[in-house]
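**Student:** Here it is, the structure in full.
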Amino acid sequence: MIVENQPGANGGLAAGQVTRSSPDGYTLFMAVDTNLVVNPSLYPNLTYDPFRDFIPISIIAKVYLVLVASSKIEANSVHELLTFARANPGKLNYASIGLGTQAHLGMELFKMMTKTDITQVSYRGTAPAMTDIAAGVVDVMFTGPPSAMALATGGKVKMLAVASPVRSSLMPQLPTVHEAGVPGYELGGWFGLLAPARTPQKVVDRLASEVKKAVADPKLKERLTEQGLDVFGSSSEEMLAVMRADTKKWAEVIAATGAKIRQ
C-alpha cells in the first residue's frame, strides 16, 4: 500500500483526487471526519459530495478531545470555568487551529450549550496553540489526548474533562464533560476509509472484511491506543449513519456561527 499525502482545503484536494480515480478498489480515501461532515457546510463551492461521490467502507478509529486550561487561570474544573465565564463574558479566550476543525466547532458547540461568551484566537496548528496555552497567552482549548497529557504531566496545563461518552482508559481520573456539568456534550473526531462511487459491491465487501481483520490485530490496537485513538471498525452502513448525523450536527453549529471559507 502506498500512502499519498494530499494536504490542502481541509482534505478537499485529496477527496477530489479520489473522486477522479477508477472505481476499482485500488485508490481509497482515508478521511478525517471533517472532510466529509464539515466541509459541505463550510465551503460554498465544494468540488465533491461526500454522499454522492464516495462509498463508505469503515470508520477505523475515533478520538475524543480533552478540554484543557492554562495553569494561569483559576478554574480547576468545568464548573469553575463556566462560573467564571458567565460572570465575565468575553474575558476568556480559546485557541482554534482553523475554521471547521474540532478545536473550533467543538468550542463553539460548547459555548452554545453552556450559553457562554469565549473569544476565538486562531492558530495555524496544534503546536503553536499548545505553546500559548502553556504560556498563558490563551486560556482554554480542546485538543487530543497525547498533547493534553504531555503538557499536563509537566504542570503547564490543567486537564478539565474529556469529551467522550465514558471516561477514557488513558486518563480514568478525568471526568467527562457530561459528568462535569454539560449534559449530552461529546466531541470526537474519527478516521474513515472510503472508495470512489461506483466501486463494485464485491470489492467494497472485500475491503470491509480486510478492515475487520486489521482492527482486530492486537498490535494495531496497541499502536492506535498509544495515540489516544479508540479502535472502531464499523460497517459501511454504520459509517453512513454517522456521516449523516454528524453532517446535521455541524451544519447547525456552522449556521449559528456564520463560519464560511471563501474559495
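The values are calculated or read from the model by the stated rules, or taken from the named source; none is laboratory data. Nothing here was measured: the structure is a model prediction, and the numbers come from that model. Here Cβ is always computed from backbone atoms with ideal geometry, including for glycine, and neighbour counts include all displayed protein chains.
**Student:** Go through (1) surrounded by 14 or more Cβ atoms within 10 Å (Cβ to Cβ); (2) in a loop (DSSP other than H, G, I, E, B); (3) of a type outside the set (G, A, S) one by one and return the number of the condition D24 breaks.
**Tutor:** That leaves (1) as the condition not met.
**Student:** Also, I was wondering about something else. Just to be sure before I move on: is Y123 within 29 Å of N5 (Cα to Cα), aromatic (F, W, Y) and in contact with a Ser or Thr (Cβ under 8 Å, 6 or more places away or on another chain) in the structure I sent? Reasoning before the result, please.
**Tutor:** Working: within 29 Å of N5 (Cα to Cα): yes; aromatic (F, W, Y): yes; in contact with a Ser or Thr (Cβ under 8 Å, 6 or more places away or on another chain): yes.
Criteria met by Y123.
**Student:** Determine, yes or no, whether A129 is more than 20 Å from the chain's Cα centre (by Cα) and not assigned by TED's automatic domain parsing to the domain that holds S41.
**Tutor:** Spelling it out, it is not the case that A129 is more than 20 Å from the chain's Cα centre (by Cα) and not assigned by TED's automatic domain parsing to the domain that holds S41.
**Student:** If I ask for residues that are of a type outside the set (A, V, I, L, M, F, W, C) and surrounded by 18 or more Cβ atoms within 10 Å (Cβ to Cβ), which ones from segment 133-142 would you list? First the steps, then the outcome.
**Tutor:** Filtering segment 133-142 down to residues of a type outside the set (A, V, I, L, M, F, W, C) leaves 136, 139.
The answer is D139, and nothing else.
**Student:** Go through (1) under 26 Å from W190 (Cβ atoms); (2) surrounded by fewer than 18 Cβ atoms within 10 Å (Cβ to Cβ) for P145 and report which single condition fails.
**Tutor:** Answer for P145: the failing condition is (2).
**Student:** If you go through segment 204-232 one residue at a time, how many are within 13 Å of G192 (Cα to Cα) and hydroxyl-bearing (S, T, Y)?
**Tutor:** 0
**Student:** Out of all the residues in segment 217-244, which are under 30 Å from A150 (Cβ atoms) and either in contact with a strand residue (DSSP E or B) (Cβ under 6 Å, 6 or more places away or on another chain) or assigned to a loop (DSSP other than H, G, I, E, B) (or both)?
**Tutor:** Start the filter on segment 217-244 by keeping residues that are under 30 Å from A150 (Cβ atoms), which leaves 217-234, 242.
D217, K221, L224, Q227, G228, L229, D230, V231, F232, G233, S234, listed by residue number.
**Student:** Which one is farthest from W190 (Cα to Cα) among residues in segment 69-94 that are in contact with a Ser or Thr (Cβ under 6 Å, 6 or more places away or on another chain) and hydrophobic (A, V, I, L, M, F, W, C)?
**Tutor:** A85
**Student:** Only one residue in A214, A195 is surrounded by fewer than 17 Cβ atoms within 10 Å (Cβ to Cβ) and among the hydrophobic types (A, V, I, L, M, F, W, C). Which one?
**Tutor:** Answer to the check: A214.
**Student:** If we scan segment 203-213, do we find a residue that is over 16 Å from A61 (Cβ atoms) and outside any helix (DSSP H, G or I)?
**Tutor:** The answer is no, given that none of the residues of segment 203-213 is over 16 Å from A61 (Cβ atoms) and outside any helix (DSSP H, G or I).
**Student:** Here is a list: P89, P50, P44. Which entry is crowded, with 19+ Cβ neighbours inside 10 Å, within 29 Å of M113 (Cα to Cα) and not hydrophobic (A, V, I, L, M, F, W, C)?
**Tutor:** Working: P89 fails: crowded, with 19+ Cβ neighbours inside 10 Å; P44 fails: crowded, with 19+ Cβ neighbours inside 10 Å.
Result: P50 is the single residue among P89, P50, P44 that is crowded, with 19+ Cβ neighbours inside 10 Å, within 29 Å of M113 (Cα to Cα) and not hydrophobic (A, V, I, L, M, F, W, C).
**Student:** Same structure, new question: Scan segment 155-203 residue by residue and report those that are among the charged types (D, E, K, R) and in contact (Cβ under 8 Å) with a residue 60 or more places away in the chain.
**Tutor:** K156, K158, E186, R198
**Student:** Could we say that T247 is closer than 26 Å to K111 by Cα, assigned to a helix (DSSP H, G or I) and of a type outside the set (D, E) here? Spell out how you get there, then give the answer.
**Tutor:** Numbers: closer than 26 Å to K111 by Cα: yes; assigned to a helix (DSSP H, G or I): yes; of a type outside the set (D, E): yes.
When the stated conditions are applied, T247 passes them.
**Student:** Then there's this: When both residues are 6+ apart or on different chains and their Cβ atoms are under 6 Å apart, which pairs have a first residue that lies in segment 247-263 and is aromatic (F, W, Y), and a second that is at pLDDT 75 or above?
**Tutor:** Pairs that qualify, where the first residue is aromatic (F, W, Y) and the partner is at pLDDT 75 or above, are W250/V37; W250/V38; W250/L105.
**Student:** Can you pull out the residues in segment 2-37 that are under 16 Å from the mean Cα position of the chain (by Cα) and within 18 Å of A61 (Cα to Cα)?
**Tutor:** G11, M30, A31, V32, D33, T34, N35, L36, V37
**Student:** If you don't mind, there's one more thing I want to ask. Just to confirm my filter: which helices (runs of 4 or more DSSP H) fall fully inside segment 78-140 and include at least 2 residues that are at pLDDT below 95 and under 19 Å from M159 (Cβ atoms)?
**Tutor:** Answer list for segment 78-140: 102-114, 126-135.
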